[in-house]
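Novice: Below is a structure I'd like to ask you about.
The values are calculated or read from the model by the stated rules, or taken from the named source; none is laboratory data. It should be emphasised that the depicted structure is a prediction, and the values quoted were computed from it without experimental measurement. Here the Cβ positions follow ideal geometry from the backbone for every residue, glycine too, while neighbour counts run over all protein chains shown. Side chains are part of the model used for accessible areas, which takes the heavy atoms of the whole protein and leaves out ligands, DNA and RNA. Shrake-Rupley method; radii C 1.70, N 1.55, O 1.52, S 1.80 Å.
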Amino acid sequence: SASMMGMSYQAIQILGYDNMSKEYTSLWMDTMSTWSVAAHGKKGADGKIEFKGTMTDVAGSRPFRMVTHEKSADESEIEMYDTIPPKGDVRVMTIISKRKK
């Protein structure tokens, strides 16, 4: 849960690992939209997982990517990138999650 542009915002990301494809999978849903997005990716040497998928909304279908990593045992970060013409790949959101103790 968070606030975005002065509005309450909730999101859920379900992460998994597919033993068949040897890739991580992600399903993302939030209250700012009426759709969900699926993506898949691999973990790099730096420990970050870069997911890629296709987003469909009122602007049409286009590629997107998401980079997630654990900053510590209690903190993770997700960066979301959208394909916005004519700029191309643009970071549109960064989410930092911290474990409540």
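Novice: Applying the selection to the stretch 24-42, what residues are under 20 Å from GLU77 (Cβ atoms) and either within 12 Å of the chain's Cα centre (by Cα) or modelled with pLDDT of 95 or more (or both)?
Specialist: Passing the criteria: TYR24, THR25, SER26, LEU27, TRP28, MET29, ASP30, VAL37, ALA39, HIS40, GLY41, LYS42.
Novice: A further question on this structure: If we scan the stretch 20-42, do we find a residue that is among the acidic types (Asp, Glu), loosely packed, with under 13 Cβ neighbours inside 10 Å and in contact (Cβ under 8 Å) with a residue 12 or more places away in the chain?
Specialist: no
Novice: Let me ask something else. Restricting attention to strands (runs of 3 or more DSSP E) lying wholly within the stretch 18-87, give those where 2 or more residues are of a type in the set (A, V, I, L, M, F, W, C) and farther than 19 Å from SER1 by Cβ.
Specialist: Fully inside the stretch 18-87 and qualifying: 36-43, 49-57, 60-72.
Novice: Taking the stretch 43-52 as the search range and keeping residues that are closer than 20 Å to ARG91 by Cβ and among the hydrophobic types (A, V, I, L, M, F, W, C), which one is farthest from the chain's Cα centre (by Cα)?
Specialist: Per the criteria, the residue is ILE49.
Matching residues to (1) in contact with a Ser or Thr (Cβ under 8 Å, 6 or more places away or on another chain); (2) under 18 Å from ILE96 (Cα atoms); (3) aliphatic (A, V, I, L, M):
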position: ILE14; (1), (2), (3): yes, yes, yes
position: MET20; (1), (2), (3): no, no, yes
position: TYR24; (1), (2), (3): no, no, no
position: SER36; (1), (2), (3): no, no, no
position: ALA39; (1), (2), (3): yes, no, yes
position: LYS42; (1), (2), (3): no, no, no
position: ALA45; (1), (2), (3): no, no, yes
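Novice: Would you pick out the residues in the stretch 1-17 that are open to solvent by 80 Å² or more (accessible area, probe 1.4 Å), under 18 Å from SER76 (Cα atoms) and either assigned to a loop (DSSP other than H, G, I, E, B) or in contact (Cβ under 8 Å) with a residue 40 or more places away in the chain (or both)?
Specialist: Answer for the stretch 1-17, where residues must be open to solvent by 80 Å² or more (accessible area, probe 1.4 Å), under 18 Å from SER76 (Cα atoms) and either assigned to a loop (DSSP other than H, G, I, E, B) or in contact (Cβ under 8 Å) with a residue 40 or more places away in the chain (or both): SER1, LEU15.
Novice: A follow-up question, please. Is it fair to say SER97 is in contact with a strand residue (DSSP E or B) (Cβ under 8 Å, 6 or more places away or on another chain), in contact (Cβ under 8 Å) with a residue 24 or more places away in the chain and closer than 24 Å to SER3 by Cα?
Specialist: no
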